[in-house]
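Worksheet for the structure shown next.
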Amino acid sequence: MPASAALPRRRLGLILGAVVLILAVVNVADKYGPHGTGLVAGPLVALGLVLVARRAGLSWHDLGLSRRTLLPGLKYAVGAVLAVGLVYGIGAALPMTRVAFHDVRYHLHPGAALLTAFIVVPLGTVLLEEIAFRGVLLGLVRRHRGAAWASITSSVLFGLWHILPSLRLGHANQAVGETLGVGTLGRILTVAGVVGFTALAGLLLCEMRRRSGSLLAAAALHWATNGLGVLLTAALATTRLV
């Protein structure tokens with residue numbers, strides 16, 4: 001199929017439905033399956049989604065994977081990592097915001113923190129989520145409905161993707177637990193807050209992708225928010241600064 005050809009509406013709907021279904025299965029498997037499921041499934045599913053998108057007529061540029069936009073994407077990527085590092089550094093230095101880094105999930109030995117930040121986060125989280133939400137879904141919807149609808153659709157689905165991971169966030173993160181509580185109401189508020197926050201974050205990531213033309217920019221910002229958070233949380237826990 002030519003890269004500029006439009007898919008029939010029914011076929012587009014079937015492809016989008018299949019992508020969402022695949023992501024839902026992976027999400028459940030990662031939450032309730034054997035430890036490390038996401039680390040194995042993430043890259044494989046990401047590759048599969050790229051193949052599906054290419055068969056559906058998307059170009060490498062549509063997916064944010066064009067070599068022509070690599071350099072602009074790299075510039076945005078470096079800026080994003082530095083900006084997140086600066087914000088996190090300030091947050092950790094101030095007692096009033098340092099509690100946000102009290103997350104027992106990442107009270108890790110330095111070696112484990114490095115492994116999580118540089119292997120688990122990129123391969124088990126960022127790769128699949130960026131390919132799926134800012135690559136395939138964004139590209140498919142933008143081709144047929146325009147940039148605004150593409151960003152909204154991708155970001156809403158990205159927010160919903162975080163429902164399962166947020167179910168016990170109040171128990172793991174001290175700031176969230178103290179603010180919203182850990183009971184039923186607290187859990188509902190936490191999930192709603194996470195979905196809303198990650199949907200807004202998705203819009204920012206879509207904008208990074210649009211401005212740079214490259215998935216690398218969004219992936220770098222995504223990694224920085226997670227990977228640097230892991231490293232800083234582990235460092236604070238290890239040095240007893242929290």
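Data for the structure
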read-out	value
Residues of the stretch 180-193 that turn out to be in contact with a Leu (Cβ under 9 Å, 6 or more places away or on another chain) and either within 21 Å of Thr233 (Cβ to Cβ) or buried (at least 16 other Cβ atoms within 10 Å of the Cβ) (or both), as a count	7
Per-region count, the stretch 163-179, residues modelled with pLDDT under 85 and either assigned to a loop (DSSP other than H, G, I, E, B) or over 21 Å from the mean Cα position of the chain (by Cα) (or both)	7
Candidates Thr238, Thr198, filtered to the one that is over 29 Å from Lys75 (Cβ atoms) and either free of Cβ contacts under 8 Å to residues at least 60 places away in the same chain or in contact with a Pro (Cβ under 9 Å, 6 or more places away or on another chain) (or both)	Thr238
Residue match in the stretch 38-46 (condition: in a loop (DSSP other than H, G, I, E, B) and either out of contact with any Pro (no Cβ under 9 Å at 6 or more places or on another chain) or of a type outside the set (Lys, Arg) (or both))	no
Any hit, the stretch 25-39, residues being modelled with pLDDT under 95, within 23 Å of Leu127 (Cα to Cα), in contact with an Asp or Glu (Cβ under 7 Å, 6 or more places away or on another chain) and not hydrophobic (A, V, I, L, M, F, W, C)	yes
Residue list for the stretch 79-113, filter: part of a helix (DSSP H, G or I), charged (D, E, K, R) and under 22 Å from the mean Cα position of the chain (by Cα)	Arg105
Criterion (surrounded by fewer than 21 Cβ atoms within 10 Å (Cβ to Cβ), within 16 Å of the chain's Cα centre (by Cα), in a helix (DSSP H, G or I) and at pLDDT 95 or above) met by exactly one of Phe197, Phe133	Phe197
Number of the exception - Leu160 against (1) assigned to a helix (DSSP H, G or I); (2) more than 24 Å from Val20 (Cβ to Cβ); (3) touching a residue at least 12 places away in the same chain (Cβ under 8 Å)	(2)
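The values are calculated or read from the model by the stated rules, or taken from the named source; none is laboratory data. In this text, all values refer to a predicted model and were calculated from it rather than measured experimentally. For neighbour counting, all protein chains shown are included, and Cβ atoms are generated from backbone atoms with ideal geometry for every residue, glycine included.
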